[in-house]
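Worksheet: the structure to be examined is printed underneath.
Here, each number is a calculation from the coordinates, and none is a lab measurement. If you're wondering where the values come from, they're calculated on a predicted model, not measured in any experiment. Reconstructed Cβ throughout: ideal geometry from the backbone, glycine too, with neighbour counts over all protein chains shown.
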Amino acid sequence: MQDTSDEIYKIQHDIFMKKNLKERFLLNLELTEFDIEMTKRRILKANIGISEKHLKEKIFREYYSDDFSEDEIIKIIDLF
């Protein structure tokens, strides 16, 4: 989904790239944490009473289903 014009995207990108490496790294961490928290809330809302293990599984699948085979996912989830 891209709801930002190319012009605005370039302005955002330029602002981001003016930050030093540490600032960019920390901002990316914050954005990642925010994204995971929003994903968690959406899953919890759709699955009332879900266990912590199943929540972690759903989050993991959402982020990594394109990166791992189903067999690999099952092995990883068993480690939760």
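Before moving on, here are some points about what is shown:
- Counting all C-alpha pairs of the range 8-80, share separated by more than 20 Å (%): 51
- Farthest towards the positive end of the charge dipole of the chain, among the residues T32, T4, I74, is the Cα of T32, using unit charges on the Cβ of Lys, Arg, Asp and Glu.
- Label point at Y63 placed 7 Å out along Cα→Cβ; residues across the range 1-32 whose backbone nitrogen lies under 20 Å: 1, 24-32
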